[in-house]
Amino acid sequence: MKGGESARIDSHTVLFGVIGNPIRHSRSPIMMNRAFQETGINGVYTAFHIVGEQLADFVSGVRAMGIRGINVTIPHKLDIMPLLDEIDAGAQAIGAVNTIVNENGRLIGYNTDGIGYVRSLKEEAEPSLAGKRIVVLGAGGAARGIVYALTQEQPGRITIANRSVERAQELAKSFSSLADIEAISNETLKQACSEADIVINTTSVGMFPNVADTPVDASWLQPGAVASDLIYNPLKTAFLEQAERQGCRTHGGLGMFIYQGAFAFEYWTGQPAPALAMRETVLASF
Ligand code: NAP
């Protein structure tokens, strides 16, 4: 797969891509092509607009064309699973796939969202999560991958709060054998935030265009705690701005995007991803 000149596309070029609906907003192609360029790998990564009815045909196409790697985004992360040959244990536990590796026609599904987030949190904000008290706000798809990945880090306790409490309870229950996890209602959220080492917003509250909204009152957090937000549009949410004024350390959502891609790149190529260059390219696109 090694290429000579970085921008060369020839009869050895290996294909990669991302599927979703919609997909034209995706920054994955610029990020991944930069990674190939940086590492001298003769690969090209494009975006495919695939609707639900085309999913099975698409998977046949991956096999027929020998496409080496695919990222999967909304709305296909669940429906793609029965079409693959093998699902990695982490992706199985989360119940969603965002990365496919084509091993000589055998398609293996992984989930790099949660581990990408945790790698970003550890590299950018909190090197060790062992023993930490972590509050997770939200219980949607992203929260599921993140909570699973957090359970692998020996946290002290994970506390989940969500607008719909049943979803928080369901999420806590599905990983309760892996760590100390509880679901709480909004009445006890203030207390939980004031005792937390890390508070993570996995809800869409604060995302463009509703940039003034915050998922919790950041003054509940203790100074020195980490406030983390999955949102990267805007790069610094109102929640992070407020938490910073409160004396908290802050961690934005761009790193999760970069590192979910970095893990995918590493699964496909067996080489360390050039994460700094990938981040530079994505940042320049804003
Ligand atoms: P999702 O499955 O639709 O879940 C949305 C979550 O937000 C649910 O917990 C929902 O609560 C909550 N929520 C939505 N509106 C709310 C409101 N007005 N008040 C309180 N809670 C509200 O979405 P997702 O895929 O998990 O994505 C969640 C966020 O993560 C989005 O902002 C997305 O952009 C971001 N994200 C970032 C990355 C990255 O690479 N950085 C990757 C994936 C996702 P209910 O259960 O009560 O509806």
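The values are calculated or read from the model by the stated rules, or taken from the named source; none is laboratory data. Everything quoted here is computed from the prediction, not taken from an experiment. Note that we place each Cβ from the backbone using ideal geometry, even for glycine, and neighbour counts take in every protein chain shown. Protein only, heavy atoms only, side chains kept; ligands, DNA and RNA dropped before computing areas. Shrake-Rupley method; radii C 1.70, N 1.55, O 1.52, S 1.80 Å.
Just the accessible area per residue of the range 114-252, please: how many Å² with a 1.4 Å probe? Present the calculation step by step, with values, prior to reporting the outcome.
On the way: 6200 Å² over 139 residues.
Accessible surface, normalised per residue, equals 45 Å².
Taking all protein chains in place and a 1.4 Å probe, what share, in percent, of the accessible surface of the chain do carbon and sulfur account for?
Working: 6480 of 12800 Å².
Using a 1.4 Å probe with all protein chains present, the chain comes out at 51 percent carbon and sulfur.
To the nearest 10 degrees, how steeply does helix 141-151 sit against the main Cα axis of the chain, on a 0 to 90 scale?
Result, in degrees: 80.
So who's got an amide H within less than 5 Å of the one on VAL136, skipping anything under 5 residues away but keeping other chains? H placed 1.01 Å off N, in plane.
HN-HN under 5 Å from VAL136: THR159, ILE160, ALA161, ILE200.
For a protection proxy built on the mean count of beta-carbon atoms within 10 angstrom, sort 227-233, 271-277 highest first, please. Present the calculation step by step, with values, prior to reporting the outcome.
Details: 227-233: 25.0, 271-277: 15.7.
With the highest mean Cβ count within 10 Å placed first, the list reads 227-233, 271-277.
Pairs of lysines 8 or more apart, or on different chains, with alpha carbons under 26 Å: count those in the chain, would you?
So the count of such lysine pairs works out to 11.
How much length would be gained if the chain were fully extended between PHE48 and ALA277, taking 0.36 nm per residue of separation minus their Cα-Cα distance, in nm to one decimal? Working shown, then result.
On the way: separation 229, 0.36 × 229 = 82.44 nm, distance 2.38 nm.
So the extension gain works out to 80.1 nm.
Over the C-alpha atoms of the range 114-252, what are the Rg and the largest Cα-to-Cα span, Dmax, in Å?
Cα radius of gyration and Dmax of the range 114-252 are 13.4, 38 Å respectively.
Please list, in order along the range 40-55, the HN-Hα scalar couplings obtained from phi with the Karplus expression 6.51 cos²θ - 1.76 cosθ + 1.60 (θ = phi - 60°), rounded to whole Hz, x for Gly and Pro.
Calculated HN-Hα couplings, in order: x, 7, 7, x, 9, 10, 10, 10, 10, 7, 10, 9, x, 5, 9, 4 Hz.
Provide the FRET efficiency to the nearest 0.05 for the SER128-ARG8 pair, computing r from the beta carbons and using R0 = 51 Å.
It comes out at approximately 0.75.
Give me the net charge of PRO215's neighbourhood, meaning all other residues with Cβ under 12 Å from the Cβ of PRO215; Lys, Arg count +1, Asp, Glu -1.
On the way: positive: ARG163; negative: ASP213, ASP217, ASP229.
Net charge in that neighbourhood comes out at -2.
Any chance you could run the full-extension gain for GLN154 through GLU182? It's 0.36 nm times the residue separation minus the Cα-Cα distance, nm to one decimal.
Working: separation 28, 0.36 × 28 = 10.08 nm, distance 1.49 nm.
Difference between extended and current length: 8.6 nm.
Would you calculate the separation in nanometres between label points at ASP79 and GLN191, each defined as 7 Å from the Cα along the Cα-to-beta-carbon direction?
That separation, rounded to one decimal, is 4.4 nm.
For helix 28-39, what angle does its Cα long axis make with the longest principal axis of the chain, in degrees from 0 to 90 and rounded to 10?
The angle comes out near 70 degrees.
Ranked from highest to lowest mean number of other Cβ atoms within 10 Å per residue, what is the order of the peptides 163-175, 46-58? Walk me through the intermediate numbers first.
Working: 163-175: 16.3, 46-58: 14.5.
Per-residue Cβ counts within 10 Å, averaged per peptide and sorted highest first, yield 163-175, 46-58.
Taking θ as phi - 60°, what are the ³J(HN,Hα) couplings along the range 86-101 by the Karplus curve (6.51, -1.76, 1.60), each to the nearest whole Hz, with x for Gly and Pro?
Working through the residues one at a time gives 7, 10, 4, 4, x, 5, 5, 5, 6, x, 7, 10, 10, 9, 10, 10 Hz.
Name the most mobile residue of ILE198, ILE94, ILE184, meaning the one with the largest mean-square fluctuation, in a Gaussian network model of the chain with Cα contacts below 10 Å.
Highest fluctuation among the options: ILE184.
Hey, what D do you get for the chain in µm²/s if you plug the Kirkwood alpha-carbon radius into Stokes-Einstein at 20 °C and 1.002 mPa s?
Details: Rh = 19.6 Å.
Answer, rounded: 110 µm²/s.
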